[in-house]
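K.L.:
Input: one structure, supplied below.
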Amino acid sequence: MPDIKITEVALRDGSHAINHQYTVEQVTQIARALNEARVPYIEVTHGDGLGGSTLQYGLSKTDELKLIEAAVNVADFSKISVLLLPGIGTIKDLKEAHKIGAKMVRIATHVTEADVSKQHIVTAKELGMETVGFLMMSHMAPVEKLVEQAKLMESYGADSVYVVDSAGALLPNQVSERIKALCSELNGNVGFHAHNNLSLAMGNTLAAIEQGATRIDGSIRCLGAGAGNTQTEVLVAVLEKMGIDTGIDLYKMMDIAEYIVAPILPKPQEITKDGLTLGYAGVYSSFLLHAERAAKRFNVDSRDILIELGKREIVGGQEDMIIDVAAEMAKKNKAVV
Ligand SMILES: C[C@H](O)CC(=O)C(=O)O
Ligand SMILES: [Mn+2]
């Protein structure tokens, strides 16, 4: 039994970074290779979870059930996971994903809205799926609130609850206090999902592990929203050096990153000015491309849009506000000229 169980999220969180353009061929190739490298969990879904393919969130090139099925077909070791945000994905979507072979589901809510996850968690458990509560934008709630919400998810039946640093805004001490509190208050596993917008994904992940988190997310070659997540192959190497077992084959992961994932990246994953602004302003990482498009359309600075979104505490599901904010800025700029 590995000490730390890693969920590879490039085929879900990375969907944001490539504008939801995954093909069946790409998912098949990547999932097959990750399975051979013995990654415990591989998450495959639209970036915004089941049912995310909409004008609001971005249309997928390929029906996500086809992508999930493609991954299931080549994974005899790895469990295929799906993400579901209540309000975007439905119980029907969950049942369909389960029917085609998804073994784990992560039910994601804003950090203060765990109560909306109840029926989805209950249904997932009834279906016999491993079930995870995923508390997004965890930097926006004080520790006590986070604990309260995590306990709710556990009371509905979640096997694990994650602290999700959606904006890549948490500092290491803030991760430590959150994970420590959850580990002492919950009976199940505690997990951590990072974004690298402030270059802290690895440091924060190690802080989480030090405080007792045993479920950790990573994206190979950093293929995730914003500046990406904790880079999985690097994490495997670091943990190996620390004597922590992940059960994952390091050389195979390096090869997948170099020869399969890097060639499909539209551009190398790095901390750009906009990626950095996400972490600095505490904005949802998946807003990056939306804000960049709005900035171009309205001829305003994308950083100003992101800073304003942060001030207004805009969260996932409010993507239409990105356009509103950009339009307002353009109007103001015009008035000044
Ligand atoms: C729907 C989001 O992209 C989920 C996630 O990965 C995060 O909040 O971070
Ligand atoms: Mn994420």
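We did not get these values from a lab; they are worked out from the coordinates using the rules stated. From a predicted model like this one, the values you see are computed outputs, not experimental measurements.
K.L.:
Going by amide H atoms built from the backbone, whose H comes under 5 Å of the H on TYR162, apart from near neighbours?
P.N.:
GLY133, PHE134, LEU135, GLY191
K.L.:
Need one number: convex hull volume per residue for the chain, Cα atoms only, in Å³.
P.N.:
In the chain, the Cα convex hull volume per residue is 116 Å³.
K.L.:
State the Cα centre-to-centre distance between segment 88-156 and segment 217-282 in whole Å.
P.N.:
Value for the Cα centre distance between the two parts: 25 Å.
K.L.:
Over its Cα atoms, what ratio of radius of gyration to 2.2 N^0.38 Å does segment 50-208 give?
P.N.:
Normalised by 2.2 N^0.38 Å, the Cα Rg of segment 50-208 equals 1.04.
K.L.:
Still on this model: Rounded, prolate or oblate: which fits segment 176-296 when a ≥ b ≥ c are the square roots of the eigenvalues of the alpha-carbon gyration tensor, with rounded for a/c under 1.5 and prolate only if a/b beats b/c?
P.N.:
Judged from the Cα gyration tensor, segment 176-296 comes out oblate (a/c at least 1.5, b/c at or above a/b).
K.L.:
A follow-up question, please. Is segment 286-336 best put as rounded, prolate or oblate by its Cα gyration tensor, with a ≥ b ≥ c the root eigenvalues, rounded for a/c under 1.5, and otherwise prolate when a/b is larger than b/c, oblate when not?
P.N.:
prolate
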